[in-house]
Every structure is written in structure tokens, then in C-alpha cells.
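Quick one: the structure is below, and I'll ask about it shortly.
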Amino acid sequence: MRISRFSDYAVRVLMYTALRAPARVTVEEVAETFGISHHHLTKVVHKLGRQGYLRTSRGVRGGFQLARPAGQIRLGEVIRSCESEASVVSCEDRGGRPCRLVPSCVLKQALDEAAGAFYEVLDRYTLADLTARGPIHQILLPR
């Protein structure tokens, strides 16, 4: 299974923010560190703020911080909240008509079950787990 670029960026933002805690982080810092578009990251940070992962503030001293402890933020939860499709496969054609195989097909069930297993594994990890090697990350990420 493949996650979207949006989800990838969301996890990077959260990891970077966790590593910088309790300091405020800016979109500019994250964009420069990872070589990601400032415009795209602004959308990611906005969504993470709306979903309660980040506490954001605007203005001269603006930026963002984690809204709750890293140990309470589950990776699977973050990815689910960022992915637009709930199912791996849509059983419709481009016109929105159902696939002819729907009445007897097991593919969707198998793929949904696989996705469930994917998220089950991700749910075992918290943001704290992802940033546990803090000293190494601190060396790799510029101040």
C-alpha cells in the first residue's frame, strides 16, 4: 500500500515538531529542511491544526507546536486522517457505474482487509516512537 505525499509530509511535520519541542516551529523551517514546497506545507499544517495535532499561531511570533504529547499521537490515526480514500479500490468505473463483478467479487474485501492490517501495524507506533532516536535526528536536522 502506498500513502499519499500529503500524508508523508504530515508525518514529517509532526516528527520535526516533536524533535523541536517545546520550541515553536515554522513552515519555513520544515520546508527548508525537507526541500518541500512552502505552499503545500501550509496546507498540511493547517489540516494538522484543524485535526488537533498541532497548536498554531499566526503573526510575528507565529508557528506551531504539538497540541498533545507525542506519545498520544498514533501513526495510523494520522495517516487515516490525511488519506482521502477510505477504501483501497473503488468498485466503480469512471462514470460512477458499479463494476460488473461486484455481486461475486472478493477483491474489494481482500484489499480492505489488507488495508486494515496495514493500519493495525501503524497504530502500534506513536510519534514518540518515531522520534525516539532524538540525538541522531537532532544531528541530522539543522538548528
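Can you tell me how many residues in the range 58-90 are exposed (fewer than 14 other Cβ atoms within 10 Å of the Cβ) and over 30 Å from Arg20 (Cβ atoms)?
Of the residues in the range 58-90, 4 are exposed (fewer than 14 other Cβ atoms within 10 Å of the Cβ) and over 30 Å from Arg20 (Cβ atoms).
Every residue, every condition in (1) surrounded by 14 or more Cβ atoms within 10 Å (Cβ to Cβ); (2) among the aliphatic types (A, V, I, L, M); (3) farther than 12 Å from Gly63 by Cα, yes or no:
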residue	(1), (2), (3)
Tyr9	yes, no, yes
Leu19	yes, yes, yes
Val27	yes, yes, no
Thr33	yes, no, yes
His46	yes, no, no
Gly52	no, no, yes
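Tell me whether the range 43-51 contains one or more residues that are aliphatic (A, V, I, L, M) and under 29 Å from Ala114 (Cβ atoms). Show your work before the answer.
At the first step, the residues of the range 43-51 found to be aliphatic (A, V, I, L, M) are 44-45, 48.
From what is left, the residues that are under 29 Å from Ala114 (Cβ atoms) are 44, 48.
Yes, the range 43-51 contains a residue that is aliphatic (A, V, I, L, M) and under 29 Å from Ala114 (Cβ atoms).
Would you mind listing the helices (runs of 4 or more DSSP H) fully within the range 15-120 where at least 3 residues are touching a helix residue (DSSP H, G or I) at 6+ places or on another chain (Cβ under 6 Å) and free of Cβ contacts under 8 Å to residues at least 40 places away in the same chain?
On the way: elements: 27-34, 38-50, 75-82.
Filter on the range 15-120 gives 27-34, 38-50.
Go through the range 121-136 residue by residue and tally those that are of a type outside the set (Ser, Thr, Tyr), more than 10 Å from Gly76 (Cβ to Cβ) and either in contact with a Leu (Cβ under 6 Å, 6 or more places away or on another chain) or assigned to a loop (DSSP other than H, G, I, E, B) (or both). Walk me through it before giving the result.
To start, the set of residues in the range 121-136 that are of a type outside the set (Ser, Thr, Tyr) comprises 121-124, 127-130, 132-136.
Remaining after also requiring more than 10 Å from Gly76 (Cβ to Cβ): 127-130, 132-136.
Okay, now just the ones that are also either in contact with a Leu (Cβ under 6 Å, 6 or more places away or on another chain) or assigned to a loop (DSSP other than H, G, I, E, B) (or both), so 127, 132-133.
Matching residues across the range 121-136 total 3.
Could you check Met1 against (1) aliphatic (A, V, I, L, M); (2) in contact with a strand residue (DSSP E or B) (Cβ under 9 Å, 6 or more places away or on another chain); (3) over 24 Å from Gly71 (Cα atoms) and say which number it fails?
All conditions are met except number (2).
Would you confirm whether or not the range 67-85 contains a residue that is under 17 Å from the mean Cα position of the chain (by Cα), among the hydroxyl-bearing types (Ser, Thr, Tyr) and modelled with pLDDT under 95?
If we filter the range 67-85 for residues that are under 17 Å from the mean Cα position of the chain (by Cα), which is where we start, we get 67-85.
Next, only the ones that are among the hydroxyl-bearing types (Ser, Thr, Tyr) stay: 81, 84.
Then keep just the ones that are modelled with pLDDT under 95; that gives 81, 84.
Yes; the residues of the range 67-85 include at least one that is under 17 Å from the mean Cα position of the chain (by Cα), among the hydroxyl-bearing types (Ser, Thr, Tyr) and modelled with pLDDT under 95.
The values are calculated or read from the model by the stated rules, or taken from the named source; none is laboratory data. This one's a predicted model, so the numbers in the text were calculated from it and none came from an experiment. Glycine gets a Cβ as well: all are built from the backbone with ideal geometry, and neighbour counts include every protein chain shown.
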